[in-house]
1. Set the Förster distance to 35 Å, then compute FRET efficiency between residue 146 and residue 35 from the Cβ-Cβ distance, nearest 0.05.
2. Can you list the residues of segment 57-84 with backbone N under 20 Å from a point 7 Å past the Cα of residue 28, pointing along Cα to Cβ?
3. Roughly how many whole Å is it from the C-alpha centroid of segment 128-207 to that of segment 25-45?
4. Grab the Cα-Cα distance for residue 172 and residue 155, subtract it from 0.36 nm times how many residues apart they are, and report the gain in nm with one decimal.
5. Helix 39-52 versus the longest principal axis of the chain: what angle, 0 to 90°, nearest 10, using Cα atoms?
6. Angle between the Cα long axis of helix 125-137 and the longest principal axis of the chain, 0 to 90 degrees, nearest 10?
7. For every helix of n ≥ 4 consecutive DSSP H residues, a contribution of -39,500 (n - 2.57) applies; sum these over the chain, divide by its total residues, and give [θ] at 222 nm rounded to the nearest 500 deg cm²/dmol.
8. Grab the Cα-Cα distance for residue 203 and residue 191, subtract it from 0.36 nm times how many residues apart they are, and report the gain in nm with one decimal.
């Protein structure tokens, strides 16, 4: 049996630098609502936000994430595309589209979208961690470790990064590093350590 999702990605909305036509505090509030698992509320508030600020690419992006979390793929893609129409350099929307494509099994498109995000913002740790998942699914374990180490070097506070990296080291056969990063994931409060252990024990797989 394959593990359906390796790691839940956070919709890390970068709100620094909002223009006067945006409400920074409201964007942060919607982001908190969504990361708290209240997806329907995030959708409703996101829709109101873009109605008020139709040129806010950040607003369209977070609404896309809310739709994505609510399993409304078509609407999510429309929102990410709208965000990129307004600002083609918004890396957060490319990460969102990458997650969407991965869920649809379109791994090449997912990889391209994540790589676009890292090309625009080389410090995008979330995109690098997402690339780990793609490479693991396709059996490119050394490449998965490479991307995971890049993500870890950039951010050491995202629980999904060491969790993904632990899985990558497991498939590469480096159990010492696997256990090291599993402990980091545990320390950071990764939400689904049991699934990671099921991969280690061979109960589930990702390819």
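Just so it is clear, none of the values below were taken in a lab; they were calculated from the coordinates. Being a predicted model, the structure only gives us computed values, none of them experimental. Positions of Cβ are generated from backbone atoms using ideal geometry, with glycine treated the same way; all protein chains shown enter the neighbour counts.
1. Numbers: r = 28 Å, r/R0 = 0.80.
Efficiency at R0 = 35 Å is approximately 0.80.
2. Only 57-63, 66 fall inside the zone, counting backbone N under 20 Å.
3. 28
4. Values: separation 17, 0.36 × 17 = 6.12 nm, distance 2.23 nm.
In short, 3.9 nm is gained.
5. On a 0 to 90 degree scale, this one is about 40.
6. 50
7. Working: 11 runs with 141 residues, N = 207.
So the calculated ellipticity at 222 nm is -21500 deg cm²/dmol.
8. On the way: separation 12, 0.36 × 12 = 4.32 nm, distance 1.84 nm.
Answer, rounded to one decimal: 2.5 nm.
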